[in-house]
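Engineer: Please see the structure below; I have some questions.
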Amino acid sequence: MIPAERQRTILALLDKQEILSIAELTALLAVSHMTVRRDIAKLEEKGEVFSVAGGVQRMQAVREELGHLVKASQNQGIKRALGEACRDRVPPRATVYLDAGTTLLEVAKVLADRDDLLIVTNDFFIAGYLAEHGKGQLYHTGGLVDRDNHSCVGDLAARFLRGLNIDLAFISASCWNPRGISSPSQDKVMVKRAIARVARQSVLVCDSSKFGRTGTFMAMETAEFDAVISDPDLPAAYQERLAAEDVEWVAVGVS
């Protein structure tokens, strides 16, 4: 079997089983571990799969993101831990951007008592929380309302952000893979690209359950981030990629 055939076979097998081990693939394909690893590396280059400990997993295409209320019920413990991990990264008198999402709401909570900050967000839940509990200045981007995610997206929101100087941007993602973050929504991508242009530092704050998903529209590549804050379950191969691209990797556990 030539490499292209083996790679098609691997993809067909992963359509039936979410994760396959290297040992399983060597037995099924009747080839060596090194041959399997080379095939996986080729498929990773194409964005078809990603490596996990001792095996490989198929990249999941996302055509529609979950709404805010569904996301709010997921992975609550790690989201709170990720929020806490962001607390000490914010310097005095900084202008901070908080991207839309339930994880970034946890960041908002730990920054609410800082009266020296100017916080910008496109998220209505974050804006509402800080309007009631926050002590610093607060701006909302405005723009096209995404009702499912209770945030603003599109060109007007992006245009507002392009007129700012942001010291530190905390960015969320629902689709995340070795290349970077993406979205099935072009309007959301416009906002993330705008903030990437104007932020002095960009930090991805996202739990590992989002890894291995890809949306149609690319938002930011891995190398565009200064740091990634996630949980220790992030695949080791991606952790190595972060180090190779000089992106700080912060692993946050749940106590």
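Engineer: Please calculate the 1.4 Å probe accessible area of ASP246, with all protein chains present, and give it to the nearest 10 Å².
Structural biologist: Using a 1.4 Å probe on the heavy atoms, I get roughly 130 Å².
Engineer: Restrict the search to the range 1-65; then list the trypsin sites (Lys or Arg not before Pro) that DSSP places in a loop and that have at most 15 other Cβ atoms within 10 Å of their Cβ.
Structural biologist: Hits after loop and neighbour filter: LYS46, ARG63.
Engineer: In this model, which of LYS46/LYS192; LYS79/LYS109; LYS188/LYS210; LYS16/LYS46 are farther than 18 Å apart at the alpha-carbon?
Structural biologist: Result: LYS46/LYS192; LYS16/LYS46 exceed 18 Å.
Engineer: Moving to a separate point now. Evaluate the Kirkwood expression for the hydrodynamic radius of the chain, namely the inverse of the mean inverse distance over all pairs of different C-alpha atoms, and round to one decimal in Å.
Structural biologist: Radius from the Kirkwood sum: 19.1 Å.
Engineer: List the residues, sorted by chain then number, that are 5 or more residues from ALA219 or on another chain and whose placed amide H is less than 5 Å from its amide H.
Structural biologist: HN-HN under 5 Å from ALA219: ILE181, SER182, SER183.
Engineer: Solvent-accessible area of VAL252, probe 1.4 Å, all protein chains present, reported in Å² to the nearest ten, please.
Structural biologist: Approximately 20 Å² for this residue.
Engineer: Just to confirm the filter: which trypsin sites (Lys or Arg not before Pro) across the range 110-154 are DSSP coil and have at most 16 other Cβ within 10 angstrom of their Cβ?
Structural biologist: Within the range 110-154, the qualifying trypsin sites (Lys or Arg not before Pro) (loop, at most 16 other Cβ atoms within 10 Å) are LYS135, ARG147.
Engineer: Rolling a 1.4 Å sphere over the protein heavy atoms, what is the accessible area per residue of the chain, to the nearest Å²?
Structural biologist: Each residue of the chain exposes 48 Å² on average to a 1.4 Å probe.
Engineer: Give the longest segment of the chain that steers clear of GluC sites (Glu not before Pro) in DSSP loops with at most 12 neighbouring Cβ atoms within 10 Å, not counting the sites themselves.
Structural biologist: 65-244
Engineer: Give me the Kirkwood hydrodynamic radius of the range 161-255, using the inverse of the mean 1/r over all pairs of distinct Cα atoms, in Å to one decimal.
Structural biologist: Hydrodynamic radius (Kirkwood, Cα only) of the range 161-255 equals 13.4 Å.
Engineer: Next question. Ignoring ligands, DNA and RNA, please state the percent of accessible area on the range 165-229 from carbon and sulfur, probe 1.4 Å.
Structural biologist: Answer for the range 165-229: carbon and sulfur cover 38 percent of the accessible area.
Engineer: So, one more: Where the only charges are on Cβ atoms (+1 Lys, Arg; -1 Asp, Glu), what is the dipole of the chain about its Cα centre, to the nearest 20 debye?
Structural biologist: Value, rounded to 20: 340 debye.
Engineer: With every protein chain left in place and a probe of 1.4 Å, what is the accessible surface of THR102, to the nearest 10 Å²?
Structural biologist: Answer for THR102: close to 20 Å² accessible.
Engineer: Could I ask something else about it? Normalising by the residue count of the chain, find the relative contact order in percent from Cα pairs under 8 Å and 6+ residues apart.
Structural biologist: Result for the chain is 17 percent.
Engineer: Separate question: Find how many whole Å separate the alpha carbon centroid of the range 30-65 from the alpha carbon centroid of the range 96-136.
Structural biologist: 38
The values are calculated or read from the model by the stated rules, or taken from the named source; none is laboratory data. Since we're looking at a predicted model, the values are computed, not measured. Using ideal geometry, Cβ is built from the backbone for each residue, glycine included, and neighbour counts are taken over all protein chains shown. Note: areas computed on protein heavy atoms with side chains; ligands, DNA, RNA excluded. Shrake-Rupley method; radii C 1.70, N 1.55, O 1.52, S 1.80 Å.
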